[in-house]
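Readers should treat all values here as calculations from the given coordinates under stated rules, not as data from a laboratory. Since the structure is predicted, the reported quantities are computational estimates derived from the model, not experimental observations. Note that we place each Cβ from the backbone using ideal geometry, even for glycine, and neighbour counts take in every protein chain shown.
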Amino acid sequence: MDIRTFKEEVVAYSKEVGIDKIGFASVDVFGELKARLKRQQDLGYQSGFEKGSLEERTEPNRLLPGAQSIISVALAYPSKMHDAPRSVKGERRGIFCRASWGRDYHDVLRDRLQKLAAFIKERFPEAELSSMVDTGELSDRAVAERAGIGFSGKNSAIITEEFGSYVYLGEMVTNIPFEPDEPVDDSCGDCNICVDTCPTGALVEGGQLNAQRCIAFLTQTKDFLPDEFRTKLGNRLYGCDTCQTVCPKNRKKDFHNHKEFEPDPEVAKPKLIPLLSISNREFKEKFGPVSGSWRGKKPIQRNAILALAHYKDKTAVDELIRLMKDDPRPVIRGTAAYGLGKIGTAACYAAIEEAQAAEENEDVLFEMEKGLQFQNQ
């Protein structure tokens, strides 16, 4: 088989199955990435969600012995929500980041990669293929950069010419020796808007992210949110889009190529107070299909409490008092106490003082004290 012709056939078929962009990369060791990851590790900048060793994350042949190339794919997702509901006094809403709008992108990308793999195997029966999306060992961004999908921006995202950085990435390691594509030039230039605008300073410098300070990471943690980040959260329930929305390369980029990624406004921008009493079953039914649900309802509810505190929403007081007194989870009880203190009505402080008498958890008691301290501010 002529590999060059076959590559053209693979590219053509990828368009038929809804892959917006495809590129091909060598399986050479990602040496620069390995050094960068080692530095991230030494500085304590990793999120802890990373999979695999440094070697597995940077040496494709460890994932598929005999590998000769990597296919990188990208699917565009929307940046604007049609008929988005407004967050108004008395009915405040939270927000999921754009990457969690619509159906879980892991499922959609795997579907496209499976179709592409079936096409390849049908025409090249001896092909060996190993696909991954986000949760695999390889860095989706490093592969996409090498494959010419886009360049790695200062916001640590892959920025494509066509779709900006609003793309999901996946890859397929194979033993077929496809000719690699050329990487595209970095074109952030002197622009530093994303670094300057990052709410928590997580973008240490262009291309270097301290995941421990990134709101996108922090919204997924399950413990008490560190104090310094609570006022930075705003109404974010999952993820953060700031470094993308301020990027000039994303101006006027809004693609609705895949019906699976169209957001349900009541899921992507839900009312906050109903989230506080949602059952596990209701949460799974409503939010289970989106990627932002993967850590369960506890982080979402904690973030919802902080969003209500951000708004100083007095209509949430009764529900927050209920959580502070009755919820079995210390993080939720304590965060509710903090939220009540920030809302700051006389009823809030009286409820905190009353709940203190019955509370035994030291962490929750500490949060109650924080809540009461708002009286003196």
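Points worth noting:
- Geometric extent, Cα atoms of region 155-197 - Rg, Dmax (angstrom): 14.3, 43
- Subtracting the Cα-Cα distance of Asn376 and Gln41 from 0.36 nm times their residue separation leaves 116.5 nm of extension gain.
- Along principal axes, Cα extents of region 66-121, largest first, whole Å: 60, 18, 15
- Semi-axis lengths, largest first, of the ellipsoid equivalent to the chain are 43, 21, 19 Å, with √(5λ) applied to each eigenvalue of the Cα gyration tensor.
- Rounded to the nearest whole Hz, the Karplus-based 3J(HN,Hα) values (6.51 cos²θ - 1.76 cosθ + 1.60, θ = phi - 60°) of region 101-115 follow the sequence 7, x, 5, 3, 5, 4, 5, 5, 5, 4, 4, 5, 5, 5, 5, with x at glycine and proline.
- Approximate spin-label separation Ser87-Glu122, in nm, with each point projected 7 Å along Cα-to-Cβ: 4.7
- Theoretical FRET efficiency, 1/(1+(r/R0)^6), r = Cβ-Cβ of Glu8 and Asp318, R0 56 Å, to 0.05: 0.30
- For the chain, the antiparallel share of DSSP beta bridges with both residues in that region comes to about 90%.
- Alpha-carbon centroids, region 149-170 and region 71-98: separation in whole Å: 19
- Once both labels are positioned 7 Å from their Cα atoms along Cα-to-Cβ, the gap between Trp294 and Lys15 label points is 3.1 nm.
- The distance separating the Cα centre of region 304-377 from that of region 242-298 comes to 27 Å.
- Exposure proxy shown here: for Met132, Met324, Met172, the number of other Cβ atoms within 10 Å sets the order, fewest to most, as Met132, Met172, Met324.
- Listed residues Arg295, Arg141, Arg103, most fluctuating in the chain (Gaussian network, C-alpha, under 10 Å): Arg295
- Remark: region 240-247, residue by residue, has Karplus-estimated 3J(HN,Hα) of 8, 10, 3, 5, 8, 5, 8, 6 Hz, where x stands for each Gly or Pro and the curve is 6.51 cos²θ - 1.76 cosθ + 1.60 at θ = phi - 60°.
- Rounded to the nearest whole angstrom, the semi-axes of the ellipsoid equivalent to region 300-377, taken from the Cα gyration tensor as √(5λ), stand at 16, 14, 11, largest first.
- Near the amide H of Lys21, within less than 5 Å, lie the amide hydrogens of Ala74, all on another chain or at least 5 residues away, with H placed in the peptide plane.
- Compared with the direct C-alpha span, the chain from Glu205 to Glu360 gains 51.5 nm at full extension, assuming 0.36 nm per residue.
- Members of Lys259/Lys314; Lys21/Lys154; Lys232/Lys370; Lys7/Lys253 lying beyond 27 Å, as alpha-carbon distances in this model show: Lys259/Lys314; Lys7/Lys253
- Residue order, fewest to most beta carbons within 10 Å, for Arg213, Arg123: Arg123, Arg213
- The 3J(HN,Hα) values that the Karplus relation (6.51, -1.76, 1.60; θ = phi - 60°) gives for region 299-310 are, in residue order, x, 5, 5, 4, 5, 5, 4, 5, 5, 5, 5, 4 Hz. Gly and Pro appear as x.
- Projecting the Cα positions of Gln375, Ala268, Ala76 onto the charge dipole of the chain (unit charges on Cβ atoms of Lys, Arg, Asp and Glu, taken about the Cα centre) puts Gln375 furthest along the positive direction.
- This ranking places Trp294, Trp101 by how few other beta-carbon atoms lie within 10 Å of each, fewest first, which gives Trp294, Trp101.
- Taken over region 147-298, the percentage of Cα pairs per 5 Å bin, counting from 0 up to the bin with the maximum distance, is 1, 7, 14, 17, 17, 16, 13, 8, 4, 2, 0.
- Other residues with beta-carbon under 13 Å from the beta-carbon of Leu64 carry, at +1 per Lys or Arg and -1 per Asp or Glu, a net charge of -4.
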